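Down below is the structure, laid out as structure tokens.
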Amino acid sequence: MSVSRMPSYAPPPYTGGPPNERSYGAMEQHQSSSPTQSSTAPRPRPMPPMPLRVVNLSPLSEIRPGPDEDPTRSGAHAPHSEISLQPQRSTSPHSSSPPSLTSPSATSPSSSQSPTHAYSTPLPYPTSPSKGQAFKRRLKINPLSALRLSGATRRATAQIAEHAARQAAEHARYEAELAKQREAAAEAARRAAEEAARIEEERAMRLAVAQEEAKAHVQSYLQSFLSSDPPTDEELSTAFLTCAEACKVVGLEFAAVLQEPLIEEHPPIYWAILNRPTAYGTDRAAYDSFVFALLGASQPLSLSTYAAVRLACTTASDNTLLQRLFRHVPELSPLSPSDAMLLAPLNETDLVEVMETRDGTGTFIAHIRILRFRLRMRVSKCVVVEFVASERIWALRFAVVVETSMDGRTETKWLLSLELGEQSQVVAVDADLFIEGSALQPLDSRDFEDPLLCISFGSTTSELWPGRDNGITVRLDDGPMGPHLLNESSVLVDSNGTLCAQLNARLARPVLPALVEDTSSTISPPRSLETPFSEISYPSSSNSIKSKKAKKRPRDPKVYTSLRRGGR
């Protein structure tokens, strides 16, 4: 076998790049275009190039490393090494000729001049380093080298930090100055508020003093009127105008001042009612004018004024003035809004006239006239009249009550109750109510000796306490003739629909229970009393009471009716 020898010197190293897919593609295209390859044969999958090691057959002395070289690394670093790698070119499967080991063009012309040269091929393309080599190269990089800053960077960082510190210091100084300004403003505001509060307090004190002076001015005027004869209309109007101007200057309402307890913890209207003479035959027009003038200047009236008026009428036992006040001041009267609407066309109100014996027996007679009685009972379901007698306010209440039983049936009841008003003293009462019926005579001239209906309730042994819930209640339609009498409008009332009745009452002094040693215990009033005033004598001037005493019926049962001859 003849082997061509290469020159002793190695070819220059390959300086080109590694092969890529494009070169391999061109190489495959060149091989596929060969005439020896069938166009219909399937193209095989290209094989990767394989390195070919060629052994130099020259003597070992020619490739021995120098004295300064590492024998293990001489092949890797010697530029003239005889060991070379050449990638194997892919050939067509139909090609029968073996690949040539040498190329005439690859050898230098001077290769024939050297008698001794190794059999070699052209150097292969340099390959990329393996993964292990690349990993070793990366390990040689110091990871902390990236954290090292250059001098310029360090100087710039120091300048930035210094600038930030200066800004922070300036901001702190600004905030401190701003806090001082806020504190100064708050202190100024506090001082201003204190000064304003002091000024307001002084102004309020001066205003309070001025208001007290105005009230004292009003009080002096009213005391002068109450302690002497009642003033004339001109004097009263002039005084009211002066007092109103004085109150307006200091921010007061004259009407509100008149309702204050200016004199001995009571308003002036209270003393004006008490100073009104109650003796018959006395000219009371001037006193009444003073009372109504005070009420007119006090509008709108407060609840305390209503209570003071009722208390004054009760204390003075002045029923005549109370009935007049009911007509002039509807808020004082017990009329409901529906009753006021029903009585408005008539321009009249209910009337109660009281006659007291004033002989110490506590007996009185009340003549009662209730307008449009049956209509008001059907519409309002309740009719109340009030009057004053024996220094107490009495209320006579007619009511319609509908009760429903357990089985769902309803029953309508007509009830009558006698009550004591608020601020009235406890008393034991025995009363009889006589209903005249359709008689047309005046109240004071009627004869109730033979009434249509007589209802008795109360007893001298049972006490009556103030309040609506403590009244004595009886049923009007109880008994065989009750429904007939109540359903016949022409029997109970007259032709105008007015109910005329008379209440005869006698009072007994209540006996207080004996005090016990334990003063902390509550004393409850007894419901049954023995009083020496149970049997009383009627005055000879009262013929109606004599007749009633002569025809007195048993008290059991408490409620009974009697029908006179003309009532059937």
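When you count the other C-beta atoms within 10 angstrom of each residue and take the mean per peptide, 153-160, 312-319, 220-227, 499-506 line up highest first as 499-506, 312-319, 220-227, 153-160. The modelled label-to-label distance for the pair Val209/Val402, using points 7 Å beyond Cα in the direction of Cβ, is 6.7 nm.
Give the calculated FRET efficiency between Thr238 and Ala286 to the nearest 0.05, with a Förster radius of 22 Å applied to their Cβ-Cβ distance. All intermediate terms of the calculation are to be shown ahead of the outcome.
On the way: r = 16 Å, r/R0 = 0.74.
Step by step, r from the Cβ atoms, then E = 0.85.
Magnitude of the charge dipole for segment 161-333, about its Cα centre and with charges confined to Cβ atoms of Lys, Arg (+1) and Asp, Glu (-1), is about 320 debye.
Taking other C-beta atoms within 10 Å as the exposure proxy, Glu264, Glu200, Glu348 rank Glu264, Glu200, Glu348 from fewest upward.
As a rough footprinting exposure proxy, the listed residues Ser237, Ser405 were ranked by other beta carbons within 10 Å of their own, and the order from fewest upward is Ser405, Ser237.
Count neighbours as other Cβ atoms within 10 Å of each site's Cβ, and list the trypsin sites (Lys or Arg not before Pro) in segment 330-433 that are DSSP loop with at most 10 such neighbours.
Working: sites: Arg358, Arg369, Arg372, Arg374, Arg376, Arg378, Lys381, Arg392, Arg397, Arg409, Lys413; in loops: Arg358, Arg372, Lys381, Arg409.
Here the sparse-neighbourhood loop sites are Arg409.
Coordinate-derived values only; no laboratory data. Please read all numbers here as calculations on a predicted model, not as lab measurements. Because the Cβ atoms are built from the backbone with ideal geometry, glycine has one as well, and the counts that use them run over all protein chains shown.
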